[in-house]
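Working notes, beginning with the structure itself.
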Amino acid sequence: MKGRNDTWTDMAAAAAFAVVLGISAFWGQPDRAYDQARGRTGSAYGRMYEQAGPEDENGNPVGKADAYPDTAGAVQAAEGPGENPARPGGEDAEILPDVTESQKAVLDEIMEALEAQDLESAARVMDRGEEELLTLFYEVMDGTRYLYDGQSFSLSIEGKGLVLTMPKILYYGAFKAGRPEGDCTALQVVELDAPRYDYSQGLWKDGKMEGDGHTGYCYYENSPRGEARDVCKTGRFSGDRLEGEVTYTTLNQEGETSTWKLEVKDGTVQLDDRWIHIEERGEYQLMSQEDDSHAYIMDEKLAGQPVWINLLAWEE
């Protein structure tokens, strides 16, 4: 446990940004919540070719596979009107990422773990497959977001599947109109003092958490000295911010759990008579439900700040 008398300190407020492996670490005071980086490259949304297609030296139509021999992994339009599997109705077809078998295997393994609600296994695959994901996102996808449904990729982010927003940040679940909609999981893998994953799970609407859910992080090997192994905030979200009663739970390396119940409005803690104001230290303390020697500590400067939020907000 952390600090004096086994106390926990709130580290959820943003103070500065640090770039680590292409992501922005959301630093703050204690609870260190990492926010996902956006930094998407200014890439085009895939190459397009005309439905009519190129012609050979005799002026006869050439199939797409012949015209673009290096796009074996892409969607290839069939010859003849009305047979385009990518864009029916005579619209232009997409040439989608030419993904290698090893890259696809990494995505499939991640999806399998997430389908089983096994965040730790998914995080380990993301960490182990870092090189494949880096190449896939930056070189193959050129920083563009695609929906992968386990079989194919699509620029239309609609339906169920997995979307990479950075090499080690992904969203898995239901999507509508290019955003998370319904049940969805956001997962990010970082390694600073120790390997860890950050997550947000629950109901989403129009790209924001809306309804029951939880957000937190877990050091899945050894946590840094004095820090909790697992931290989770559970409650009801409104526009990515927690609202109403929130359960804050921590788990240390010894397997000891501490729990706090807090009232939150629009992501901001509502102080009541359970909170102890230590004026000389500039902080508020709230004792855990299990043990009065375990206190949740919040800097008084954070008392009016909306820090109880979705840690992995979806950005356009």
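The values are calculated or read from the model by the stated rules, or taken from the named source; none is laboratory data. Note that the coordinates shown come from a computational prediction; the quantities given were computed from them, not determined experimentally. For neighbour counting, all protein chains shown are included, and Cβ atoms are generated from backbone atoms with ideal geometry for every residue, glycine included.
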Qualifying residues in the range 223-247 (those that are within 19 Å of Q285 (Cβ to Cβ) and under 20 Å from the mean Cα position of the chain (by Cα)) - the one surrounded by the fewest Cβ atoms within 10 Å (Cβ to Cβ):
V231
Looking only at strands (runs of 3 or more DSSP E) that fall completely inside the range 212-316, which ones have 3 or more residues that are closer than 30 Å to G173 by Cβ?
230-238, 241-251, 257-265
Answer with yes or no whether G89 is modelled with pLDDT under 95, in a loop (DSSP other than H, G, I, E, B) and surrounded by fewer than 21 Cβ atoms within 10 Å (Cβ to Cβ).
yes
Pairs only if they're at least six apart or on different chains, beta carbon under 9 angstrom, first in the range 198-225 and closer than 19 Å to T165 by Cβ, second basic (K, R) and assigned to a loop (DSSP other than H, G, I, E, B); list them, first residue then second.
Y217/R32
Neighbours by Cβ (under 8 Å, 6+ apart or cross-chain): first from the range 267-290, at negative phi; second among the basic types (K, R) and part of a loop (DSSP other than H, G, I, E, B):
L286/R274; M287/R274
